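Heads up, the thing below is written out as structure tokens.
The numbers here are math on the coordinates, done by the rules we state, and not lab data. For clarity, every value in this text was computed on a predicted model and none was experimentally measured. Note that we place each Cβ from the backbone using ideal geometry, even for glycine, and neighbour counts take in every protein chain shown.
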Amino acid sequence: MAFPNISDILATTIESRTRQIADNVTKNNVLLMKLESKGKIKPFSGGTKILQELSFAENSNGGWYSGYDILPVGVSDVISAAEFNIKQAAVPVVISGLEMLQNAGREKMIDLLDARLSVAESTIANLISGGLYSDGTGSGGKEIDGLDAAVPLDPTTGVYGGIDRATFPFWQNQFSDNTAAQVTATTIQGLWNDLWASQVRGTDRPDLIVADNTVWSIYMESLQALQRFASPEVGNLGFPTLKFMDADVALDGGIGGFCPAGTAFFLNCDYIHYRPHSQRNMVPLSPNRRYSTNQDAEVQILAWAGNLTTSGAQFQGRFDANGA
């Protein structure tokens, strides 16, 4: 005889794991791990769009004065916001009536659900991780506005976050365009020096460099004769890391890596924000029972909503080894 409260087990098991799932997604993605360490994972609670506040100009009232000079006190409009659509992802966890009958006993049922929930966790983690690199056009524009949108190959065109890059140069990222022949173990550090310098403003500078297999390997080769210093903060969480200046250099390649081929993103994570919805961050879409209307099956849906946002595009950089 099947355990009579299968729906309760399905609902409570997935609900009890949701916080763990959200945490695992963060800990298994180097960008999200870095954003979490800097307090840049900020859930939002509602609205038709995600607003990301940013400053786009200096206060025009600032200046030198002497004695009784009149000081300007006019309104200086220096704060605005980029607007990002709310993107959604979901993974259904399904169990059929036959499986309910076949898996008699509480322990067997929990084992089955654990296996399926583990697959659901991996699936949604991969959806989010892949989305973090996307340009937002995948699946008919439903995918996350990831790094390919925030730090594009052509920083002078296109609209991102509702702001036209061609009109507002402060919204243009830095870019290093190179052919594969130009990027060697001998040249890569000099090229990275130039890109790094273009992103520095006072204490603002890149703190995370994420590279694919090709660029990572060339940078590794450039360090073969030198002593290498790894980052304990990132390395202790399982990510193979090096340092460039004081930024962590992390590989997002290998098996199932999502960083575009021939690419390294130079990121200043002070200006990048992961914005999940506070009520839809790896949670069951409904804790109640869900039945298929035309099948002998029950469903729980693991769901996420939010986006990746940016408040300082000019502080981000992209290194490309695929130029013409």
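Remarks
- For the pair Ala185 and Gln279, the difference between a 0.36 nm per residue extended length and the Cα-Cα distance amounts to 29.1 nm.
- Built amide H within the under 5 Å cut-off of Asp207, gap 5+: Leu267, Asn268, Cys269
- A crude spin-label estimate for the pair Ser139 and Asp194, with each label 7 Å from Cα along the Cβ direction, gives 3.9 nm.
- Packing-based order for 88-96, 272-280, 207-215, using average beta carbon neighbours within 10 Å, highest first: 207-215, 272-280, 88-96
- When each of Lys40/Lys87; Lys49/Lys87; Lys40/Lys142; Lys49/Lys142 is checked by Cα-Cα distance, pairs over 20 Å: Lys40/Lys142
- Where labels lie 7 Å past Cα in the beta-carbon direction, separation of Tyr68 and Arg201 in nm: 3.9 nm
- Ranked list, fewest to most other Cβ atoms within 10 Å of each Cβ, for Thr157, Thr263: Thr157, Thr263
- 5 angstrom amide H check on Lys243, placed H, neighbours 5+ away: Phe229, Val249
- Ordering of 252-258, 81-87 by burial proxy (mean other Cβ atoms within 10 Å per residue, highest first): 81-87, 252-258
- Footprinting exposure proxy ranking of Thr184, Thr241, fewest other C-beta atoms within 10 angstrom first, gives Thr184, Thr241.
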